[in-house]
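The values are calculated or read from the model by the stated rules, or taken from the named source; none is laboratory data. None of these values were measured; they are calculated from a predicted model. So basically every Cβ, Gly included, is an ideal-geometry build from the backbone, and we count neighbours across all protein chains shown.
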Amino acid sequence: MQTLIRNGIVVTEAGPAAADILIDGETIAAIGPELVVPESVRTINAADCYVFPGGIDVHTHLDWNFADKKTSDDFVTGSKAAAAGGITSIINFTNRRAGQSLYEDLLEWQERAKPCNVDYGFHIIINDYNDSMIADLPKLREAGATSIKLFMAYKGVFMVDDGAMYNIMKEAGRLGFMTCVHAENGEVIDRIIKEHLERGDVDPVYHSLSRPPEMEAEAAHRAIEIADLAGAPLYIVHVSSAAALEEIRIAKAAGKKVYGETCPQYLALDITDLQRPDYEGSKYVCSPPLREKWNQERLWSGIAGEALDTIGSDHSPFSFEEKKRLAAIDFSRIPNGVPVIEEQYGIVYHHGVQEKRISLERFAEITSTNPAKLFGMYPRKGVIAVGSDADLVIMDPSRTRLLSRAYQQHNTDYNAFEGKEIQGVIRHVLSRGEIVAQDGKYIGSERRGQYLHRKPANAIMGRKQ
Ligand code: URP
Ligand code: ZN
Ligand code: ZN
């Protein structure tokens, strides 16, 4: 089947340009002004709309367990929400069961993700580490899972020590893997949590006060130095503070292969949300935590100035009912994470492009091109070009959208951005040529996502700085 997207303003990393796009089957066949096609070709009129490359969210936790708690979205609801919000590819974290090898973990997650409705890949979490595990890395690479994730926090659940990090990164770097790291100093944070609880400081805001930005920056610095010694490219996930950002900026300036991701929650929410009454603050418990508001402008400067490379959602949704119940005991029991997968693209467009913090092309870079390059999917994904997958977002910048539980597709009993009005309405989302979402609703076929067999991620991004 052919589809013509007519009269749109096509945005790529090179900038916006008026053009038509012809899709043939699953890929882009032609791009140019006033393309001539037979009348029978399905046409979408994109006049006065932007056409962006489909969003790529490389940080999702669908069908995921945090200790004994399960996220409220599985691959069906989470992927429909993603598509409705402009995301056409995801990389989800695995969650290896005790006794499984890394490769068995991947095989299990490939099976679990079969109902997914957008294209999907996996970062393999390495916890509970022993040296024999890294023997599986070549098999993972062969299977197209070319990134791993290490945690420097959550002791007893996911955390690995510095020696393990060094060992894993050495092998990962040699094989062309991207190592993703959760950078927070878990040892010190656990002591601070204990101090707060002993004093009776149990409200949700103490979650943030237990995890100071200095301990995020310290861990980021440590990860950067270990990765550099190990010869491994490093991707620091969910950067929340100006202090951690500064570590990345310095490392990049020194030519180190370090990349940074931030998330919409750190750009649009802040520590005061944790102070909402009646345990409502528990909705906003995530790690690293929401920071003082002034950090937001610094993160935006990092995005505009290229110290930060991507936006990930860190969609890790748990019901308010459950968060509230546990918050009544103390903040340390509240499952970590915020539902963001559906709102992220619109929020970043609104605060970024609409409020003139970043250009249209930078928006396309951070939401699509850069994640595709860093995680071995480019140029099949991440760009509007002949031969690339027809993953496209058509956005009408003149209309506004209200974020609310009443309209959301994701399966959480609250919306973290309830009542927020954002400029820009996503009219259509196409994934490999199929219209999968229209006006905020998923309309695609079921179980349509494909596993993304990714190339080794050899940090192929060009640097302008
Ligand atoms: O609060 C968060 N971010 N929960 C999900 C696990 C993680 O740290 O990414
Ligand atoms: Zn994390
Ligand atoms: Zn996460």
Per the filter on the range 447-457, residues of a type outside the set (S, T, N, Q) and within 12 Å of Val118 (Cβ to Cβ) are Arg447, Arg448, Gly449, Tyr451, Leu452
Determine whether Val258 is among the β-branched types (Val, Ile, Thr) and either closer than 25 Å to Gly382 by Cα or touching a Cys at 6+ places or on another chain (Cβ under 9 Å) (or both).
-> yes
Within the range 7-31, residues being modelled with pLDDT of 95 or more, surrounded by fewer than 17 Cβ atoms within 10 Å (Cβ to Cβ) and in a strand (DSSP E or B) number 5
Look at Leu245 and say whether it is over 30 Å from Ala328 (Cβ atoms), of a type in the set (A, V, I, L, M), in contact with a Ser or Thr (Cβ under 6 Å, 6 or more places away or on another chain) and assigned by TED's automatic domain parsing to the domain that holds Ile366.
-> no
Out of the residues in the range 388-443 that are over 22 Å from the mean Cα position of the chain (by Cα) and small (Gly, Ala, Ser), which is nearest to Pro53 (Cα to Cα)?
-> Gly433
Would you pick out the residues in the range 334-373 that are within 16 Å of ligand 3 (Cβ to nearest atom) and not in a loop (DSSP other than H, G, I, E, B)?
-> Val338, Gln344, Pro371
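Here is a yes/no grid of residues against (1) within 25 Å of Arg276 (Cβ to Cβ); (2) small (Gly, Ala, Ser):
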residue: Gly156; (1), (2): no, yes
residue: Glu184; (1), (2): yes, no
residue: Ile192; (1), (2): yes, no
residue: His196; (1), (2): yes, no
residue: Ala219; (1), (2): no, yes
residue: Pro233; (1), (2): no, no
Do you know which residues across the range 114-156 are surrounded by fewer than 22 Cβ atoms within 10 Å (Cβ to Cβ), away from ligand 3 (no atom under 16 Å from the Cβ) and outside any helix (DSSP H, G or I)?
-> Lys114, Pro115, Asp128, Tyr129, Asn130, Ala143, Gly144, Lys155, Gly156
Of (1) among the charged types (D, E, K, R); (2) modelled with pLDDT under 95; (3) not assigned by TED's automatic domain parsing to the domain that holds Arg427, Lys80 satisfies every one except (2)
Here the qualifying pairs (Cβ atoms under 8 Å; residues six or more apart or on different chains; first in the range 149-161 and in the same structural domain as Ile125 (by TED's automatic domain parsing) and among the basic types (Lys, Arg); second modelled with pLDDT under 95 and away from ligand 2 (no atom under 11 Å from the Cβ)) come out as none
Looking at Ile334, Ile366, Ile311, which one is closer than 30 Å to Pro16 by Cα, in contact with a Ser or Thr (Cβ under 6 Å, 6 or more places away or on another chain) and within 15 Å of ligand 1 (Cβ to nearest atom)?
-> Ile311
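Before we move on, is Ser368 in the same structural domain as Arg199 (by TED's automatic domain parsing), touching an Asp or Glu at 6+ places or on another chain (Cβ under 7 Å) and either under 24 Å from Val118 (Cα atoms) or within 16 Å of ligand 2 (Cβ to nearest atom) (or both)? Please lay out each step first, then the result.
On the way: in the same structural domain as Arg199 (by TED's automatic domain parsing): yes; touching an Asp or Glu at 6+ places or on another chain (Cβ under 7 Å): no; either under 24 Å from Val118 (Cα atoms) or within 16 Å of ligand 2 (Cβ to nearest atom) (or both): yes.
It is false that Ser368 is in the same structural domain as Arg199 (by TED's automatic domain parsing), touching an Asp or Glu at 6+ places or on another chain (Cβ under 7 Å) and either under 24 Å from Val118 (Cα atoms) or within 16 Å of ligand 2 (Cβ to nearest atom) (or both).
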Wholly within the range 186-235, which helices (runs of 4 or more DSSP H) include no fewer than the required count, namely at least 1 residues that are in contact with a Ser or Thr (Cβ under 6 Å, 6 or more places away or on another chain) and buried (at least 17 other Cβ atoms within 10 Å of the Cβ)?
-> 186-199, 213-230
Unique residue being surrounded by fewer than 24 Cβ atoms within 10 Å (Cβ to Cβ) and part of a helix (DSSP H, G or I) when the list is Glu247, Glu297 | Glu297
Residue selected from the range 344-362 under the condition closer than 23 Å to Gly78 by Cα and in contact with a helix residue (DSSP H, G or I) (Cβ under 7 Å, 6 or more places away or on another chain), by the criterion surrounded by the most Cβ atoms within 10 Å (Cβ to Cβ) | Tyr345
How many of the residues making up the range 309-326 are surrounded by fewer than 24 Cβ atoms within 10 Å (Cβ to Cβ) and not in a loop (DSSP other than H, G, I, E, B)?
-> 6
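Quickly run through the range 209-233 and pick out the residues that are within 16 Å of ligand 3 (Cβ to nearest atom) and not charged (D, E, K, R). Reasoning before the result, please.
Residues of the range 209-233 that are within 16 Å of ligand 3 (Cβ to nearest atom), as a first pass: 211, 216, 219-220, 223.
Hits for the range 209-233 are Ala219, Ala220, Ala223.
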